[in-house]
Amino acid sequence: MKLGLTLLAAAAAMVTVSTAAYAQATLQQVRTRGSLNCQVGLPTPGFYALAANGTWSGLDVDMCRAVAAAIFDDPNRVQYQSVTSAVRFTSLANGESDMLSRTTTWTAVRDTQLGLEFAGVNFYDGQGFLVPRASNITSARQLDGATVCVLTGTTTELNLADYFRSHNMTFRAVTNENVNVLVETYLGGGCDAYTNDKSGLASRRAAFPNPNDHVILPETISKEPLGPVVRHGDQNWGDIVRWVLYGMIEAEEMGVTQANLAEMQRSTNPGIRRLLGTEGNIGQGMGLPADFMVRVIRHIGNYGEAYERHVGANTPIGIPRANSLNALWTNGGLMYAMPFR
Amino acid sequence: MSSSTSTAPPRPSFLNDAGVRAFFYQAAVFVAVTGLLYYLISNTITNMSQRNMSAGFDFLDVSAGFNIAFTLIPYREGDSYLRVFQVGIANTLLVAVIGIVFATIIGLIVGLARLSTNWLIGTLARWYIEVLRNTPLLLQIIAWYFGVFNLLPRPRESIDWGGLFFLNNRGFYMPGPVPQEGFGWTLAALLVAVLGAVLIVMWSNRRRRATGRIFPGGTVATALIILLPLAVFYGSGAPLAWDWPTLRGFNFVGGVSVPPAFCALVVALSIYTSCFIAEIVRAGIQSVAHGQTEAARALGVKPSRTMRFIILPQAMRVIIPPLISQYLNLTKNSSLAIAIGFPDLVSVWMNTSLNQSGRAIPIVAMTMAFYCVVSLAVSGLLNLYNRRMQLTER
């Protein structure tokens, strides 16, 4: 009986301690822990790829590394958590991760009802279909009655249903929360088409044994602004992630790169001086040093560099940036950083 | 026990009184548990409102907007989350019921084979049990899905049984019955036949106990259940049309079909559970002393009758309690469907709906409530049956 009471008391104490820890600001927790808990998805080439030696790389991984660089001046102080789509929001909301950088679509419901906060967009995407070349399908409108493989718990799943419903077509879904199971099913002929964001399709196809046996259909059936997500309620933490992303876009616009950083630090251009903290102190408002963007650019580079390194035309993923939504606003795209001032 | 007060022990002091102490500890534990529960619940609610997370069940009538690959009850993309919950329950129960039927049949056969005096049959049964019982169920489900059902030919090269049944990597297709006008008479006849069969069996049992004379009640009852509806069916002009599966566009259209994930799940669940049932059956039969068989033989009772009326009734007392827990295990294990994407309750409700709506707490609570209700109902019913089968001591 005494033992029972002791156990109850211990359990109550543990609950109290864990909620007390939660009440601390995220930045403080990350500093105390000495590393950033960053959630990525199941390995997807280009966005969050896992190398044989256990290191992560990719466009979304660079977001994690950039935030870690801004805080610690060390992009490697990141604990990666590879989580399926279905559990990502719960895992972020209950504090297991500090941020989520895993091709997550910004939607109204997610932003307002799940206790989440979207920090910006690092990739503008749209949903498409991948079909075997041998099927001779050339348009999504020919998919009436098809069996379609789709990740469960994603906006993709909802857009798919909307698209077929609005075009008076029927389909059968083969769903799973694990992208590898789905791709395996698709390759085995278990479904006629595989649907996902087009970037995701390109990324997956690049890893197929015969990428040329598969085609991405021309239709784009949805808007998919993808970007990093943080918990709702810690505005300062949201600001850090948001302005690291904007800083990387701004750096590209100003022409600041990993290579010319030292030279740029001596620049007289006031925009560059504000970005690199040689004039004013923008980091102060977020609890970061004035030169936090210097750290980010030194370790990661600007947005364009990260893009070309992981998903650009010269990578196996090969998503050209020119004339796409992901080009800088000065080149007709949507990548536009709010002014650094 | 004497009622005289002189022999009673002296009343202990208030602090050492066992009754008082017991009451105190019970009260303390009750207060602690209630307090902890209250704390957990209020803490959850506070945290959720702090993080702007919605609780409550108001999302249930919101349109779900996703497709479900296989539904037992009608469902369309625009239906509400409540409908998704019902679809999930129906699918889970379907898998559980079919799995239980198959597992029981296979388990009974393998259990009896395990006892066979034929070396080959006995050894085969033993290997079947040992291999399948000792590998994880999740692994078996995935193996059936990827190793068998996903490797079947594509729709155009389907395995074809007489142009009626088709098996391909999109599913198993069979003709679906479409009742026409007048089919109600056949159903009514079936009902009458079942009632009649029950009466016949009860009457023949009573007569056997009273007079010792044996009437083949079981055979007559079976014949009644089959023949009467059949006669009415053809008498009323066979009012049942069939919807044939036909290859159109991407796949077969029409008829009744189940996806490969369903086939893989049912096969894996029934085979896995059948191993445990086989061992339970073997244990039950071996628990009946061999003398019973010998005594029956000495009295000239036929072997089939010995099994049915002497061995099995005694074995059932040992078999039923562990069998109940196997049925419950199978029902709960069906939630592993999530690995291969069969839309059972856990998959469509606790995974897809939770993720699309973000209402973690009400959704998890509803799922837990469902499994609790099913488990308690099944075990309650079977316990009732078990009580009737147990020895009545006089």
| remark: Rounded to 0.05, the calculated FRET efficiency for the beta carbons of B:R21 and B:W185 at R₀ = 51 Å is 0.10
| Are there trypsin sites (Lys or Arg not before Pro) in the stretch A:231-300 that DSSP puts in a loop and that have at most 13 other Cβ atoms within 10 Å, and which ones? | A:R266
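If a helix is a whole DSSP H run, which ones in chain A reach 18 Å or further along their own axis (Cα) and hold a mean Kyte-Doolittle hydropathy of at least 1.0? Intermediate results must be reported in sequence, preceding the final value.
Numbers: long enough: A:2-23 (32 Å, 1.43); A:59-72 (20 Å, 1.40); A:235-254 (27 Å, -0.13).
Helix filter hits for chain A: A:2-23, A:59-72.
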| request: Would you work out which of B:P322, A:G153, B:V148 lies farthest towards the positive end of the dipole of the protein assembly as shown? Charges go on Cβ: Lys and Arg +1, Asp and Glu -1. | output: B:P322
| message | Helix check for chain B. Which DSSP H runs span at least 20 Å along their own axis by Cα, with a mean Kyte-Doolittle hydropathy no less than 1.0? | response | B:81-114, B:217-235, B:260-286, B:360-389
| task | Calculate how large, on average over all directions, the projected area of the Cα convex hull of the stretch B:126-181 is; give the answer in nm² to one decimal. | result | 6.8 nm²
| note | Net charge near B:F57 (other residues with Cβ under 15 Å of its Cβ; Lys, Arg +1; Asp, Glu -1) is 0
| said: Can you compute the helix-only [θ] at 222 nm over the protein assembly as shown? Use -39500 (n - 2.57) per DSSP H run of at least 4 residues, normalise by all residues, nearest 500 deg cm²/dmol. | reply: -16500 deg cm²/dmol
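Compute, for the stretch B:197-330, the length of the dipole vector about the Cα centre, with Cβ point charges of +1 (Lys, Arg) and -1 (Asp, Glu) only. Units Debye, rounded to 20. Write down the numbers at each step before the final one.
Values: 12 positive and 3 negative charges, 157 e Å.
Here the stretch B:197-330 has a charge dipole of around 760 debye.
Let me know the longest stretch in chain B that avoids all GluC sites (Glu not before Pro) found in a DSSP loop with at most 12 other C-beta atoms within 10 Å. Don't skip to the answer; put the middle values down first.
Numbers: sites that count: B:E181, B:E393.
Maximal segment without exposed cleavage sites: B:182-392.
Over the Cα atoms of the stretch B:116-275, what is the Rg over Rh ratio if Rh follows Kirkwood?
Numbers: Rg = 22.7 Å, Rh = 20.1 Å.
Checking Rg against Rh, the ratio lands at 1.13.
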| remark: Taking a ≥ b ≥ c as the square roots of the eigenvalues of the Cα gyration tensor, with a/c under 1.5 meaning rounded and otherwise prolate when a/b exceeds b/c and oblate if not, the stretch A:220-341 is oblate
| query | For the stretch B:17-109, which chymotrypsin sites (Phe, Trp or Tyr not before Pro) are both in a DSSP coil and crowded by at most 16 other Cβ atoms within 10 Å? | reply | B:F57
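Over all alpha-carbon pairs in the stretch A:140-247, figure out the percentage whose distance exceeds 25 Å. Working shown, then result.
Values: 1878 of 5778 pairs.
Counting every Cα pair in the stretch A:140-247, those more than 25 Å apart make up 33 percent.
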| message | For a quick check of your reading of the filter: which trypsin sites (Lys or Arg not before Pro) in the stretch B:129-215 sit in a DSSP loop and have no more than 13 other Cβ atoms within 10 Å? | response | B:R213
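Quote the FRET efficiency, to the nearest 0.05, computed for B:R317 versus B:W242 with a Förster distance R0 of 51 Å and r equal to the Cβ-Cβ distance. Can you show the working numbers first?
Numbers: r = 45 Å, r/R0 = 0.89.
In this case the efficiency is close to 0.65.
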| field | Percent breakdown of C-alpha pair distances by 5 Å bin, ordered from the shortest bin, for the stretch A:85-129 | value | 4, 19, 32, 26, 13, 5, 1
| Based on the Cα atoms of chain A, what semi-axes does the equivalent ellipsoid have, where each is the square root of 5 times one gyration tensor eigenvalue, given in whole Å with the largest first? | 35, 29, 17
| message | Report the B-A buried area as the accessible area lost on both sides summed, probe 1.4 Å, in Å² to the nearest 100. | response | 3900 Å²
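Going by accessible area, probe 1.4 Å, with all protein chains left in place, what is the ranking of B:K332, B:K302, largest first?
B:K302, B:K332
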| field | Å³ per residue enclosed by the Cα convex hull of the stretch B:21-120 | value | 254 Å³
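Near B:R133, within a Cβ-to-Cβ distance under 13 Å, what is the net charge of the other residues, with Lys and Arg +1 and Asp and Glu -1? Before the final figure, lay out each step's value.
Details: positive: B:R114, B:R126, B:R282; negative: B:E130, B:E279.
Value of the local net charge: +1.
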| field | Cα extents of the stretch B:328-368 along the three principal axes, largest first (Å) | value | 28, 20, 10
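Using +1 on the beta carbon of Lys and Arg, -1 on that of Asp and Glu, and nothing else charged, what's the dipole of chain A about the Cα centre, debye to 20? Working shown, then result.
On the way: 26 positive and 29 negative charges, 74 e Å.
With Lys and Arg at +1 and Asp and Glu at -1, about 360 debye.
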| Positive-end residue of B:F57, B:I106, B:V95, charge dipole of the stretch B:48-118 with Cβ unit charges | B:I106
| note | With bins of 20 Å, the percent of all Cα-Cα pairs of chain B per bin from 0 is 17, 43, 30, 8, 1
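Can you give me the orientation-averaged projected area of the convex hull built on the Cα atoms of the stretch B:292-337, in nm²? It would help to have the intermediate numbers written out before the result.
On the way: hull surface 16.3 nm².
If you wrap the Cα atoms of the stretch B:292-337 in a convex hull and average its projections, you get 4.1 nm².
What is the stretch B:209-274 by shape, rounded, prolate or oblate, if you read a ≥ b ≥ c off the alpha carbon gyration tensor as root eigenvalues and call it rounded for a/c under 1.5, prolate for a/b larger than b/c, and oblate otherwise? Show your work: numbers first, answer last.
Numbers: a/c = 7.84, a/b = 1.52, b/c = 5.15.
Judged from the Cα gyration tensor, the stretch B:209-274 comes out oblate (a/c at least 1.5, b/c at or above a/b).
Note down the magnitude of the dipole of the stretch A:92-203 about its Cα centre, charges +1 on Lys and Arg C-beta and -1 on Asp and Glu C-beta and zero elsewhere, to the nearest 20 debye.
On the way: 7 positive and 12 negative charges, 89 e Å.
Here the stretch A:92-203 has a charge dipole of around 420 debye.
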| Per q in 0.04 1/Å, what log10 I(q)/I(0) does a Debye calculation on the alpha-carbon atoms of the protein assembly as shown return? | -0.25
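Mean projection of the alpha-carbon convex hull of the stretch B:166-223 over all orientations, in nm²?
It is 6.7 nm².
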| request: Inverting the mean 1/r over all pairs of different Cα atoms, compute the Kirkwood radius of the stretch A:56-202 and quote it in Å. | output: 17.0 Å
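Treat the stretch B:333-394 as a sphere of radius equal to its Kirkwood radius over Cα pairs and apply Stokes-Einstein at 25 °C in a medium of 0.890 mPa s; give the translational diffusion coefficient in µm²/s, rounded to a whole number.
Values: Rh = 13.8 Å.
Value of D from the Cα-based Kirkwood radius: 178 µm²/s.
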| message | Once ligands and nucleic acids are excluded and a 1.4 Å probe is used, how much of B:S347 is accessible, expressed in Å² to the nearest 10? | response | 10 Å²
| Sum of side-chain charges, A:N168 neighbourhood, beta-carbon under 11 Å (Lys, Arg +1; Asp, Glu -1) | +1
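The values are calculated or read from the model by the stated rules, or taken from the named source; none is laboratory data. Computed from a predicted structure; not experimentally measured. Using ideal geometry, Cβ is built from the backbone for each residue, glycine included, and neighbour counts are taken over all protein chains shown. Please note that ligands, DNA and RNA were not included when accessible areas were found on the heavy atoms of the full protein model with its side chains. Shrake-Rupley method; radii C 1.70, N 1.55, O 1.52, S 1.80 Å.
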